[in-house]
Amino acid sequence: MIEFYDALKKSKAYRLLQNDIKNSMAHAYLLTATDEEIIFPLFRLVACRIFCETQSACLECRECHKILDGVNPDVIELNAEKQTIKVGAINELVDSVHYSPVSGVLKLYFINYADCMTGEAQNKLLKTLEEPPEGVILFLGTAKPAALLDTVKSRCRTVPVEAFDYQTVYDEIYALTSDEKTSSIAAACSEGKLYVAKKIASSPEYVETFTAVLDMLDTVKKSSDISEFIGSKKAEKNTPEFLDVLSVILRDVLASDINDRLVLTAHVKDKIERLKSEFSPMAAAQCIFVVNEAKAKLKLNVSVQVVLERMLFKMLEVKYRCR
Ligand SMILES: [Zn+2]
């Protein structure tokens, strides 16, 4: 099985690679994504597409199974566990590329978390990246392309995995959880990252946090409500998540003013509609700014209580000023 198979198969990155498989492949690819865990399943999907008996990455045939079980000798996967990749490992790779593929056609190398290569290891790889033997294709995967030498990057064809749209994330999470509310929250709060969505969906606290944010918006209406809310400590357990959810909801208040279809948290549409009467579009926009400021302060280790208190005061102020 390949996780998020349907979404990956429809992704632009996969379609681009599939096109290359049909026409002509580069010597080396750099697969990038902000969601780093998505890169390994994408690579496996591509490997299946290359070796599949029906050329469809069917996941059913013998060749696809060999890849899924990690036993195709022509598909060599490095650094599945995200560790520093030292020059010794690259030396071995560089030596082994010269052996002909067992299948007689192609041999794929995949270096996951390629940013974990030391500078020395990256330098060692350069020549092979530039001119691998016939039939060898290298794939590097990373969420941090900036950590790679320019000379490494320039030798690869870069294929970015873009963020997935709301509906795709919703469908994939629904397939895992069969729960509309969880899928909706995960899709709304994951910025198109499937593995972030999966983590959100598997964390009961996130659903709790979501409810806490809506409660806060319902109950904190004037400055005297603020200390009571802070005292309840409802936002203290997962403050960064609390602020993320608050941003998403304010964003939806703003979006619903433009077009209802842009609202991500569709499962709480009524609440969003009610909040619209409290937050003018200008107020919602400025409050998002205020929440972002609070997020930045949290990272500077300012006390959680102080950050929340100031944020809530400012939000009330903005709401009042932008009525
Ligand atoms: Zn197959």
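The values are calculated or read from the model by the stated rules, or taken from the named source; none is laboratory data. No experiment lies behind these values; they were computed from the predicted model shown. Counting neighbours? That spans all protein chains shown, and the Cβs are built from the backbone with ideal geometry, glycine included.
A few points about this structure:
- Matching residues in segment 207-232 - criterion: being within 17 Å of S247 (Cβ to Cβ) and either outside any helix (DSSP H, G or I) or outside the structural domain of E278 (by TED's automatic domain parsing) (or both): V220
- For segment 276-310, the set of residues classified as under 17 Å from P240 (Cβ atoms) and either touching a residue at least 24 places away in the same chain (Cβ under 8 Å) or in contact with a Ser or Thr (Cβ under 9 Å, 6 or more places away or on another chain) (or both) consists of I288, V290, V291, N292, A294, K295, L298, V304, Q305, V307, L308, E309, listed by residue number.
- Residue count, segment 90-113 (criterion: surrounded by 12 or more Cβ atoms within 10 Å (Cβ to Cβ), out of contact with any Leu (no Cβ under 9 Å at 6 or more places or on another chain) and of a type in the set (A, V, I, L, M, F, W, C)): 1
- Flag if L246 is within 20 Å of G192 (Cβ to Cβ) and hydrophobic (A, V, I, L, M, F, W, C): yes
- Any chance M1 is within 16 Å of the ligand (Cβ to nearest atom), in contact (Cβ under 8 Å) with a residue 60 or more places away in the chain and in a loop (DSSP other than H, G, I, E, B): yes
- Scanning segment 23-63 for residues that are of a type in the set (S, T, Y) and either touching a helix residue (DSSP H, G or I) at 6+ places or on another chain (Cβ under 7 Å) or near the ligand (Cβ under 8 Å from one of its atoms) (or both) yields T32, T54, S56.
Quick grid of which residues meet (1) modelled with pLDDT under 90; (2) under 25 Å from F313 (Cα atoms); (3) crowded, with 20+ Cβ neighbours inside 10 Å:
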| site | (1), (2), (3) |
| --- | --- |
| A186 | no, no, yes |
| E191 | yes, no, no |
| S203 | yes, no, no |
| K221 | no, yes, no |
| A235 | yes, yes, yes |
| L250 | no, yes, yes |
| L254 | no, yes, yes |
| R261 | yes, no, no |
| K271 | yes, yes, no |
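- Of all the listed residues (K66, K9), the sole one being under 27 Å from the mean Cα position of the chain (by Cα), within 16 Å of the ligand (Cβ to nearest atom), assigned to a helix (DSSP H, G or I) and farther than 13 Å from L140 by Cα is K9.
- Of the residues making up segment 233-254, those that are part of a loop (DSSP other than H, G, I, E, B) and under 18 Å from S203 (Cβ atoms) are K234, A235, E236, K237, N238.
- Any chance I76 is assigned to a helix (DSSP H, G or I) and either within 16 Å of the ligand (Cβ to nearest atom) or assigned by TED's automatic domain parsing to the domain that holds K153 (or both): no
- Note on segment 38-63: residues that are part of a helix (DSSP H, G or I), over 15 Å from A80 (Cα atoms) and free of Cβ contacts under 8 Å to residues at least 60 places away in the same chain total 7.
- Number of the exception - E81 against (1) away from the ligand (no atom under 16 Å from the Cβ); (2) assigned to a helix (DSSP H, G or I); (3) among the acidic types (D, E): (2)
- Lone unmet requirement of (1) polar (S, T, N, Q); (2) under 27 Å from K153 (Cα atoms); (3) without any contact (Cβ under 8 Å) to a residue 60 or more places away in the chain for S103: (2)
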